[in-house]
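Below is one structure, written out as structure tokens, with a few remarks after it.
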Ligand SMILES: NC(=O)c1ccc[n+]([C@@H]2O[C@H](COP(=O)([O-])OP(=O)(O)OC[C@H]3O[C@@H](n4cnc5c(N)ncnc54)[C@H](OP(=O)(O)O)[C@@H]3O)[C@@H](O)[C@H]2O)c1
């Protein structure tokens, strides 16, 4: 049996990734914070298909909750084959107004949590078959957008963590990142801003959550010689000035 652990599995990208891995036959460890109800519904759906599914809740902005989550998942799954660090915070704040608390929460959820969760899960990863860690980064981790300094810094750190761990955890554990561009506009997204964004995407459409899920499946199943890489899933947006 192969098992995948996905953080932030209750909504949008994380839910699509969990669903794709469950459909591909993986047993699942699903994490949520506020979306625990939808993760439980997903768990029931895949248990009915014969998968073993565990559900874990934690606020990843709290270091002690990250440590507890790591210990809990490691105990429940002595072997892990795929770990997807999907949970993330996204917020625009002008640089001059970012408080220390806002900075620490952003970096805590987006960078520190993946860092220390992977550390806690190392024994399980080392026991997995061809194990893979995936970080959900952002094309803004390499080319910043004004107004998102603390977010961009957190994702840039996650890109370096991808490369650092790919080197340090080789040859058994592969570590890669997926950098979405714009995936699934929020419903309240301003119409003019939406048009402006779409004009910048060579493939002419926003990303679908399934586009990201398919990239995770590709890394998990079809890319055994790929590690330390950042795969942009952005319709070509980062390819042009
Ligand atoms: N969508 C895009 O266009 C896009 C673009 C670039 C990068 N990304 C990256 O792709 C990932 C998924 O994106 P998304 O749009 O699906 O995200 P989203 O809709 O904003 O959902 C955020 C996810 O992160 C979890 N989360 C947030 N704060 C948390 C906390 N304090 N503790 C635990 N979990 C927390 C949420 O869990 P709960 O709901 O359970 O609280 C939720 O599952 C993120 O890492 C994001 O930065 C997305």
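The values are calculated or read from the model by the stated rules, or taken from the named source; none is laboratory data. A quick note: this is a predicted structure, and the numbers were derived from the prediction, not measured. Every residue, glycine among them, receives a Cβ derived from its backbone with ideal geometry; neighbour counts consider all protein chains shown.
Out of curiosity, is residue 228 in contact with a helix residue (DSSP H, G or I) (Cβ under 7 Å, 6 or more places away or on another chain), on the phi > 0 side of the Ramachandran plot and part of a loop (DSSP other than H, G, I, E, B)?
Criteria met by residue 228.
Scan (1) more than 11 Å from the ligand (Cβ to nearest atom); (2) farther than 22 Å from residue 33 by Cβ; (3) part of a loop (DSSP other than H, G, I, E, B) for the single condition residue 122 breaks and write down its number.
(3) is the only condition that residue 122 fails.
Of all residues in region 1-30, which are in a helix (DSSP H, G or I) and over 15 Å from the mean Cα position of the chain (by Cα)?
Residues satisfying the conditions are 22, 23.
Restricting the search to region 159-176, which residues are more than 21 Å from residue 235 (Cα to Cα) and surrounded by 17 or more Cβ atoms within 10 Å (Cβ to Cβ)?
161, 162, 165, 166, 169, 173, 174, 175 - these are the residues of region 159-176 that are more than 21 Å from residue 235 (Cα to Cα) and surrounded by 17 or more Cβ atoms within 10 Å (Cβ to Cβ).
I'd like the full set of residues that are surrounded by 15 or more Cβ atoms within 10 Å (Cβ to Cβ) and over 22 Å from residue 11 (Cα atoms), limited to region 177-197.
197
When only residues in region 34-58 that are part of a loop (DSSP other than H, G, I, E, B) and surrounded by fewer than 15 Cβ atoms within 10 Å (Cβ to Cβ) count, which is nearest to the ligand (Cβ to nearest atom)?
If we take residues in region 34-58 being part of a loop (DSSP other than H, G, I, E, B) and surrounded by fewer than 15 Cβ atoms within 10 Å (Cβ to Cβ), then 34 is nearest to the ligand (Cβ to nearest atom).
Let me confirm something: among 140, 156, which residue is surrounded by fewer than 24 Cβ atoms within 10 Å (Cβ to Cβ), within 10 Å of the ligand (Cβ to nearest atom) and either at pLDDT 95 or above or in a loop (DSSP other than H, G, I, E, B) (or both)?
140
Which members of region 39-58 meet the condition of being in contact (Cβ under 8 Å) with a residue 24 or more places away in the chain and either more than 30 Å from residue 101 (Cα to Cα) or in contact with a helix residue (DSSP H, G or I) (Cβ under 7 Å, 6 or more places away or on another chain) (or both)?
Result: 42, 46, 49, 51, 52, 53, 54, 55, 56, 57, 58.
Let's see how each residue does on (1) away from the ligand (no atom under 16 Å from the Cβ); (2) assigned to a loop (DSSP other than H, G, I, E, B); (3) free of Cβ contacts under 8 Å to residues at least 12 places away in the same chain:
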| position | (1), (2), (3) |
| --- | --- |
| 60 | no, yes, no |
| 64 | no, no, yes |
| 80 | yes, yes, no |
| 92 | no, yes, no |
| 103 | no, no, no |
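Here are the criteria: (1) out of contact with any helix residue (DSSP H, G or I) (no Cβ under 6 Å at 6 or more places or on another chain); (2) surrounded by fewer than 19 Cβ atoms within 10 Å (Cβ to Cβ); (3) farther than 21 Å from residue 229 by Cα. Tell me which single one residue 109 does not satisfy.
The number of the failed condition is (2).
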